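The values are calculated or read from the model by the stated rules, or taken from the named source; none is laboratory data. Quick caveat, the model's predicted, so the values are computed rather than measured. Quick reminder, even Gly has a Cβ in these numbers, built from the backbone with ideal geometry, and neighbours come from all protein chains shown. What goes into the accessible areas is simple: the full protein's heavy atoms, side chains included, and nothing from ligands, DNA or RNA. Shrake-Rupley method; radii C 1.70, N 1.55, O 1.52, S 1.80 Å.
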Amino acid sequence: MASELPSGVDVVVAAQTLGNTVRHTPLDLSLRLSGIRRQPVLLKREDIQVGRSYKVRGAYNFISSLSQEERESGIVCASAGNHAQGVAFACRQLKIHGKVFLPSTTPRQKRSRIRDIGGRWIEQVIGGATFDEASAAAQEYSRDHGATYVHPFDDPRTIAGQGTVVKEIFEQASEIPATVVVPVGGGGLLAGTAIWLRTFHPEVHIVGVEPEGARSMAAALEAGGPVTLPEIDAFADGTAVARVGDITYRIARDLVDEIISVPEGAICTEMLDLYQVEGIIAEPAGALATAAVARFLPDLPDGPIACIVSGGNNDVSRYDDVVERSLVYEGLRHYFLVTFPQEPGALRHFLDDVLGEGDDIVLFEYTKKNNRETGPALVGIEIDDPANLPGLLDRMEASRLHIEKLEPNSPAFSFLL
């Protein structure tokens, strides 16, 4: 079964299997995004699903299909956190013992939730720095111990379960959406969305959205098959997958209209907008679809746009990093290495003659204190409008200080901040 391509009918059967076991999450109109797009934008709120992610749908549909013998042998999975919560929920509901392998980057909040949801039915194992390393460890355990490996995205049962999200959208929408926008990691949600839509609403435009630092589906489409990215940015941990699935790739290749990517900084800005305007606590992957609609999809068909807010498992301790990434991306926060001569008035000159009205120092830290003649300092400056940056740079150039701007993509930037 695992090698077969699922169908739209499989999604219908999965919805019957799930029944009322999972939540039928709301489909809310976003006034903010509708105003930006000048067309209705609907948010499918899987951030308030059981386990605060759509992943429970695929996990439960998969595990409920197991034979009694397979159930007694137990299950194993790998996850960045959300799939593990879905597996934990299914194991507890069906009274099956499971072991979940998690990458070390899994936020503490997700680990705690897995423990709370699964109780005595779930054991956690930290298995590598990335999802793909955790997956390799989980599959090795499956081979050695006879446990069933519950794939987070590349199995027909998982894909069919994830597809129930879009089936619900079309049952809830008062007007049929013209476009559906889906976050993409391994491709399970995108594949489930595509097989159901192409069966029942083939005219709908389907967009997959990846984080710029983990463009594994785009890489697969460019290469003509799944490839392993040499490195990925794990910030959007729910979609930080270095290699998409074989099945999900084939479905995306044949059925999806376009795949785009969104910079991590733009994801952060959208996370803050979702929180401050809609009151939605989205994890980075959960903000991918709406970030794309807000800024990166200029040409979409007329009619409602449905965005899947795929998850809400965001550790509150990450928000400092989210704010920082957003401000840097928006061009509002900049960092410089400023070499101050050790003489009276050097700092006053910087404050009076270099900084402009509305410029604010948010970080000032000496990076070297053992040179009597000069003292390099790391200085963070926040401006109130990106258009003010050229003036600031001109004043820096005209000053007697040696000032070096740190670019966000430079090694020095990541090393010092």
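Observations
- Residues (out of contact with any Gly (no Cβ under 6 Å at 6 or more places or on another chain), under 20 Å from ASP384 (Cβ atoms) and crowded, with 17+ Cβ neighbours inside 10 Å) located in segment 333-353: ARG333, HIS334, PHE336, PHE350
- Residues that are over 20 Å from SER67 (Cα atoms) and touching a residue at least 12 places away in the same chain (Cβ under 8 Å) within segment 137-153 comprise ALA137, ALA138, PHE153, listed in sequence order.
- Selected residue [touching a strand residue (DSSP E or B) at 6+ places or on another chain (Cβ under 8 Å) and more than 17 Å from LEU31 (Cβ to Cβ)] from ALA266, ALA292: ALA292
- Of all the criteria given as (1) open to solvent by 10 Å² or more (accessible area, probe 1.4 Å); (2) over 23 Å from the mean Cα position of the chain (by Cα), the one not satisfied by TYR60 is (2).
- Yes/no for ILE305 being closer than 18 Å to LEU190 by Cα, touching a Lys or Arg at 6+ places or on another chain (Cβ under 9 Å), of a type outside the set (D, E, K, R) and surrounded by 19 or more Cβ atoms within 10 Å (Cβ to Cβ): yes
- Output for segment 54-85, where each listed residue is small (Gly, Ala, Ser), modelled with pLDDT of 95 or more and under 23 Å from GLU133 (Cβ atoms): GLY58, ALA59, GLY74
- When residues of segment 103-129 are limited to those that are surrounded by fewer than 21 Cβ atoms within 10 Å (Cβ to Cβ) and aliphatic (A, V, I, L, M), the one modelled with the highest pLDDT: VAL125
- Once segment 308-324 is narrowed to residues that are of a type in the set (Ser, Thr, Tyr) and surrounded by fewer than 22 Cβ atoms within 10 Å (Cβ to Cβ), the residue that is farthest from the chain's Cα centre (by Cα) is SER317.
- In the set ARG108, ARG198, only one residue is touching a Leu at 6+ places or on another chain (Cβ under 9 Å), in contact (Cβ under 8 Å) with a residue 24 or more places away in the chain and not small (Gly, Ala, Ser); that residue is ARG198.
- Only helices (runs of 4 or more DSSP H) whose full extent lies in segment 308-406 are considered here, and the ones with at least 2 residues that are closer than 30 Å to ALA292 by Cα and among the hydrophobic types (A, V, I, L, M, F, W, C) are 319-329.
- Count - residues of segment 214-240 that are over 18 Å from VAL309 (Cα atoms) and either touching a helix residue (DSSP H, G or I) at 6+ places or on another chain (Cβ under 7 Å) or open to solvent by 20 Å² or more (accessible area, probe 1.4 Å) (or both): 18
- Applying a threshold of 6 Å to beta carbon distances and a minimum spacing of six or more residues, or different chains, the list of pairs starting in segment 384-400 at a residue that is over 23 Å from SER326 (Cβ atoms) and touching a residue at least 12 places away in the same chain (Cβ under 8 Å) and ending at one that is small (Gly, Ala, Ser) and loosely packed, with under 11 Cβ neighbours inside 10 Å is empty.
- Residue satisfying condition, being surrounded by fewer than 18 Cβ atoms within 10 Å (Cβ to Cβ) and among the polar types (S, T, N, Q), within set SER67, SER53: SER67
- ARG38 open to solvent by 10 Å² or more (accessible area, probe 1.4 Å), more than 18 Å from ALA160 (Cβ to Cβ), under 20 Å from the mean Cα position of the chain (by Cα) and not aromatic (Phe, Trp, Tyr): no
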